[in-house]
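Below is one structure, written out as structure tokens; the observations come after it.
Bear in mind that the values in this text are calculations on the coordinates, not laboratory data. Quick caveat: nothing in here was measured; it's all calculated off a predicted structure. Positions of Cβ are generated from backbone atoms using ideal geometry, with glycine treated the same way; all protein chains shown enter the neighbour counts.
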Amino acid sequence: MTHKPDLKFKRVLFKVSGEALMGDQGFGIDPKTTARIAQDISNAVKLGVRVAVVVGGGNIFRGVALAAKGADRVTGDHMGMLATVMNAMALKMALTEAGVKACVLSAIAMPEFCETFSQRALDQHLDAGNVVVFAAGTGNPYFTTDTGAALRACEMKADALFKGTQVDGIYSADPKKDPNATRYENITHAQIIEQGLEVMDLSAVTLTKDANIPIVVFSLHQKGEFVKILQGEGRCTIVSN
């Protein structure tokens, strides 16, 4: 009988930015990147971890950027939601190719493309061991996919919200711009809010704080790091109460 290692987190929400899916490209979806992320998720599932994913849409479209140029914010956000649906479908395809059973649950009804989100559907898929990929954010304009991730983490009763970023944790300033930036191993939700650290937007941090859900920030570029952190190893910053 194969011994499975002890897990620090057994039920997690994994937030993947749209920009991360670009890989080295300037736009769109890089199949090599989605395949690598899917493999990391597959390795976690094999350990018995229940995984759900929220994916952003910034690699295809940003409603906020359009609104900044004078366009209607609500329409722009709706277009951004459609971008997240495309990314979610691409990630589901990569997961399927990696041998993982996965489904897309969209906050906006698109029955020809994917299932519509409901708490019942979420519970059924997670109980079956399937990876759930959430699409279309919260389904409402004016809310980011970070807030969508925090909301879904609460709804699935996650042990933690994992956020894959460009760097290996949370710093006091942008380490790419400030060589003296301090890296945190641990920090509280309240300190994130007080110091105005741009980890996730304020509503997302507040939501996870109230639900007592830790945020784990790590580098999405380090292959295998996701699984290491699930096992209590790896390099990350943990935000908790």
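Quick look at the values:
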| read-out | value |
| --- | --- |
| Mean Cβ count within 10 Å, highest first, over the residues of peptides 28-39, 43-54, 147-158 | 147-158, 43-54, 28-39 |
| For the chain, convex hull of alpha carbons as volume per residue, Å³ | 130 Å³ |
| The range 151-195 and the range 80-100: distance between their alpha carbon centers, rounded to Å | 25 Å |
| Efficiency of FRET between A121 and R235 - r from beta-carbon atoms, R0 41 angstrom, step 0.05 | 0.75 |
| Contact order normalised by residue count of the chain, Cα under 8 Å, 6+ apart, percent | 22 percent |
| Residue exposure sequence - E233, E115 - by fewest surrounding Cβ within 10 Å | E233, E115 |
| Relative contact order of the range 98-183, defined on C-alpha pairs under 8 angstrom at six or more residues apart (%) | 21 percent |
| The range 126-209, dipole about Cα centre (Lys/Arg Cβ +1, Asp/Glu Cβ -1), debye to the nearest 20 | 60 debye |
| Order of Y142, Y184 under a 10 Å beta carbon neighbour criterion, fewest first | Y142, Y184 |
| For the range 197-241 and the range 1-68, distance of Cα centres in Å | 13 Å |
| Cα centre as origin, Lys/Arg/Asp/Glu Cβ charges: the chain dipole, Debye | 440 debye |
| When each of K46/K163; K101/K157; K46/K177 is checked by Cα-Cα distance, pairs over 32 Å | K46/K177 |
| 5 angstrom amide H check on S106, placed H, neighbours 5+ away | E115, T116, F117, A135 |
| By average C-beta atoms within 10 angstrom, highest first, the peptides 185-197, 70-82 | 70-82, 185-197 |
